[in-house]
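Visitor: Got a structure for you, questions after.
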Amino acid sequence: MDVLTEAFRWLNDPLNWTGPSGVLALGWAHVWISVAATALAAAVGLPAGIWLGRRGRGQTLGVAVSNTTRALPTLALLALLAASGTFGSTATILACAVFALPPMLSGAVDGLNAVDPQVRDAARGAGLSSAGRLWRVEMPLALPVIAAGVRTAAVQVVATVPLAALVGGHSLGTVVVTGFGTQRYGQVVAGALLVAALCLAIEGLLALAQRALTPRGLRARDRDKSSHSKPSDDSPSGRRPPARRPRVRVRRLHDSQTEVPAG
Amino acid sequence: MACGCSRVASEDVRDDLPPNPWFSTDYLVRSWPDVSQALSQHVSLTVQAVLVAAAISFPLAFLAHRWPRWAPPVLSTTAVLYTVPSLALFALLAPWTGIGRTTVLIGLVVYALMLLTRGILTGLRATDPEVADAARGMGYSPTALLLRVELPQALPAVFSALRLTTVSTVALVTVGVVVGYGGLGQLLFRGLRANYRAEVMTATLLALAVALVADLLLAVVGRLVTPWARRGVGAWTS
């Protein structure tokens, strides 16, 4: 309890909020680094994922890439970058971008793979060019999954940036690391609360943004998907529509059969 | 990286053999006691965290599967916990659980919980409803249905969740360095502080090796436990 009071006292001190290493400056640096890392990862991962996803392959590659990067500790990559002479924000942005890449890649690949091939055929039949099909048919349909990938990546980046404080980067994690260094646990807890609050706030904001971006017609389907708890790995695209269509056809057949004797 | 190497090489030019600053067997031989201690700490933390997390998340997933009303709160609570960054979680725990093993272990278990619970639940839900119906029609009680039909069907998903959890736990242990108990992260941090590149590189490679070996072991066990999946009957690829 003592630590909690200390933490709130620390948070209440205006001197801790202003200045070059105050909470506001550190928070701003945190957000800026996160945005840069996410943008860098998106600039590389989304085009690559869209290209791979359109060609209907790349799932194994995405899985392989994400498995390897998951095994590599973030701290190790940061330490390697720092030891090879890249310190500060550049190292943090690079390291976080590397870890943000797999969710982006797999989001784009899964999203485009999940587009119903018959819809694609119909678009081709309607005379749309390759670029027209991509931008006017496939991308709108894949957008929710791509956005989910970007959201996962962004939240992960915001949560990873604090670690950079261990190797000298500037972020809200600095508050925690400095607190540990000086054994002021009130400051440690205050910093942890700030970091956690920032992450949860960003996660919430992005969830709202994703909801707002998703066309209303797709929302119900999206909710249906999320209640099945992330089936994107089992590629439901191939399975579900055929499972549904025969049922409709059978019902129609019954209807007509009952209609024929009646009429 | 290349420029870093050349710079150091020019610094060491007076030596007859300029040593590679990133790889050094000399380091490994000289500080093997340190390295092996960090390694065993890393491995034991990972094993313990995954076992504890499994012991908690199996009942949680069963609960959420049997009473679907409980699934959203269980999943969202674990997801919120998962969103809290590791550094913050360790920092929040440290004043109460002290500096050392307990804090790291609790943090690791919290993160493993979300991955495992979600994976197990996904596997349980993927059971063909007609198979479950058939079992129910044959007079299986809900518990028997769960243990003898749904759980075996979910095993491939369970094992892929276990592999994912183990690999990310191995990576996460290094963050324990903030409370002084980070396994190989300890070497990583010390090497960084002393600008000793061989130590940083050795720790990184060992962490990767631990993750890969654990992943392989679990993959082999998973194949042994689900012999039917190998014949391609279920056509289930993890």
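All of the numbers you see were taken from the coordinates with simple rules; none came from a lab. Just so it is clear, the structure is predicted and the values come from calculations on it, not from any experiment. Don't worry about glycine lacking a Cβ; one is built from the backbone with ideal geometry, like all the others, and counts go over all protein chains shown.
Visitor: Could you tell me the center-to-center distance, by alpha carbons, between segment A:20-84 and segment B:72-99 in angstrom?
Guide: So the two Cα centres are separated by 22 Å.
Visitor: Work out from phi, with θ = phi - 60° and the Karplus expression 6.51 cos²θ - 1.76 cosθ + 1.60, the ³J(HN,Hα) of each residue of segment A:167-181, listed in order in whole Hz, and give x for Gly and Pro.
Guide: Working through the residues one at a time gives 10, x, x, 9, 6, 5, x, 4, 4, 5, 5, 4, x, 5, x Hz.
Visitor: Next up: Please give, to one decimal in nm, the separation of the simple spin-label points placed at A:Ser21 and B:Ile56, each 7 Å out from Cα toward the Cβ.
Guide: It is 3.4 nm.
Visitor: I've got another one for you. Once you keep just the Cα pairs under 8 angstrom separated by 6 or more residues, what percentage relative contact order results for segment B:34-230?
Guide: Details: 225 pairs, mean separation 53.2, N = 197.
Worked out over segment B:34-230, it gives 27 percent.
Visitor: When the label point is put 7 Å from the Cα of B:Val225 along its Cα-to-beta-carbon vector, which residues of segment B:119-140 have a backbone N closer than 12 Å?
Guide: Those under the cut-off are B:120.
Visitor: Moving to a separate point now. Check which residues have an amide H placed less than 5 Å from B:Tyr196's amide H, if you skip close sequence neighbours.
Guide: none
Visitor: Each residue of segment B:34-41 in order: what ³J(HN,Hα) in whole Hz does its phi give by Karplus 6.51 cos²θ - 1.76 cosθ + 1.60, θ = phi - 60°, with x for Gly and Pro?
Guide: For segment B:34-41, the Karplus curve yields 4, 4, 5, 5, 4, 5, 5, 4 Hz.
Visitor: Let me ask you something else. For every other residue with a beta carbon closer than 13 angstrom to the beta carbon of B:Trp32, add +1 if it is Lys or Arg and -1 if Asp or Glu, then tell me the sum.
Guide: -2
Visitor: Same structure, new question: Which semi-axes, in whole Å and largest first, does the equivalent ellipsoid of chain B have when worked out from the alpha carbon gyration tensor as the square roots of 5 times its eigenvalues?
Guide: 44, 21, 13
Visitor: Within chain B, which is the longest segment containing none of the trypsin sites (Lys or Arg not before Pro) that sit in a DSSP loop and have at most 14 other Cβ atoms within 10 Å?
Guide: B:15-230
Visitor: Take every Cα pair under 8 Å in segment A:115-224 that's 6+ residues apart, average their separations, divide by the length, and report that relative contact order as a whole percent.
Guide: Values: 65 pairs, mean separation 22.9, N = 110.
Contact order relative to length: 21 percent.
Visitor: B:Ser44 versus A:Ala126, label points 7 Å from Cα toward the beta carbon: distance in nm?
Guide: According to this spin-label approximation, the distance is 6.4 nm.
Visitor: Report the dimensions of segment B:88-194 along its three principal axes from the alpha-carbon atoms, largest first, rounded to Å.
Guide: 66, 27, 17 Å, listed from the longest principal axis down.
Visitor: Using +1 at the C-beta of Lys and Arg and -1 at the C-beta of Asp and Glu, which of B:Ala214, B:Leu60, B:Gly139 has the Cα lying farthest in the positive direction of the dipole of chain B?
Guide: Checked the options; the winner is B:Gly139.
Visitor: What is the average number of partner chain Cβ atoms found within 10 Å of a Cβ in B:119-128?
Guide: 2
Visitor: Hey, how many Å between the Cα centroid of segment A:90-109 and the Cα centroid of segment B:136-197?
Guide: First find each Cα centre; the distance between them is then 22 Å.
Visitor: Under the Karplus relation 6.51 cos²θ - 1.76 cosθ + 1.60, θ = phi - 60°, what is the ordered set of whole-Hz ³J(HN,Hα) values for segment B:221-228, x standing for Gly and Pro?
Guide: 4, x, 5, 5, 6, 10, x, 5
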